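Asker: Quick one: structure below, then a few questions.
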Amino acid sequence: DPRERLSLQECLFPAGVTLDDLKRGGPSGYLRFYDQPFQSTGTASPDGFQLEMEQETLVNVNQPGAFLQKTLRFPETSAGILTRYHLENRGENPLQGLFGVEFNITLLAGDAEDRYFVDPGGESDRVRVGQEGEVSKRLEWAVRDGWAGFEVRWKTLTPARILFYPIETVSQSEDGFEKTYQGTCLWFLWELDVTPRGGVDLEINWEIGSIQGSA
């Protein structure tokens, strides 16, 4: 796996992308916005700091013109990042696929009972962070560290498909090869079907805070 495991990395995938595709680094030919330079400007205010980033890139050799505007808002009074996306289709053909945003987090222990996903009302609630899976049509998601007493939360305005899997390294020891949990990768995905000269807006609020509700 040659990729750097960072957060707030954006891609445009084919519509049929699977969890196994992402675990292998993504399907061939997908568009990586994070590999291209953004033009950026920052603005400070009493309420916090705002960073505006934008780029225009090729969808493929036959379809130019995917314009992405990314606005990061860092509130003064909370530990979080409000991210707004505006994606425009400046080409002559429909822009279709899945817009994905990647996050990577590390909670030290992948199989501990007190480190798990929070899926309000869903089937993946309390699944440990060392597991893999996916859910659909979610507006809220969290990862909880009960031992340290905090959680990382995500909220979206548009229901998202969420895929998650552990990041592991392999090392050799006296007992042979061993896998070691290093962190968890999460992808938030939205279906796109943007007409020529059309656009779409998405928003995801990412914050860290004390545990909400009972553990």
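Asker: Just give me the residues in region 35-57 being of a type in the set (D, E, K, R) and either under 16 Å from His86 (Cα atoms) or loosely packed, with under 11 Cβ neighbours inside 10 Å (or both), in sequence order.
Answerer: If the condition is that a residue be of a type in the set (D, E, K, R) and either under 16 Å from His86 (Cα atoms) or loosely packed, with under 11 Cβ neighbours inside 10 Å (or both), then Asp35, Glu52, Glu54, Glu56 are the ones that fit.
Asker: Can you name every residue in region 87-146 that is surrounded by 19 or more Cβ atoms within 10 Å (Cβ to Cβ), basic (Lys, Arg) and within 30 Å of Gln55 (Cα to Cα)?
Answerer: Within region 87-146, Arg138 is the sole residue that qualifies.
Asker: Further question: Determine which single condition Gly91 fails, assuming it passes every other condition in (1) among the small types (Gly, Ala, Ser); (2) touching a Pro at 6+ places or on another chain (Cβ under 9 Å); (3) assigned to a strand (DSSP E or B).
Answerer: It fails just one condition, (3).
Asker: Looking at region 19-45 only, could you name the residues that are in a loop (DSSP other than H, G, I, E, B) and either under 15 Å from the mean Cα position of the chain (by Cα) or among the charged types (D, E, K, R) (or both)?
Answerer: Arg24, Gly25, Gly26
Asker: Okay, next question. For a quick check of your reading of the model, give me the residue pairs whose first member lies in region 32-58 and is of a type outside the set (Val, Ile, Thr), whose second is surrounded by 14 or more Cβ atoms within 10 Å (Cβ to Cβ) and assigned to a helix (DSSP H, G or I), with beta-carbon atoms closer than 8 Å and at least 6 apart or on different chains.
Answerer: Once the first residue is of a type outside the set (Val, Ile, Thr) and sits in region 32-58, its partners that are surrounded by 14 or more Cβ atoms within 10 Å (Cβ to Cβ) and assigned to a helix (DSSP H, G or I) give Gln55/Phe33.
Every number here is computed from the coordinates shown, using simple stated rules; none is lab data. Given the structure is predicted, the values throughout are model-derived calculations rather than measurements. Glycine gets a Cβ as well: all are built from the backbone with ideal geometry, and neighbour counts include every protein chain shown.
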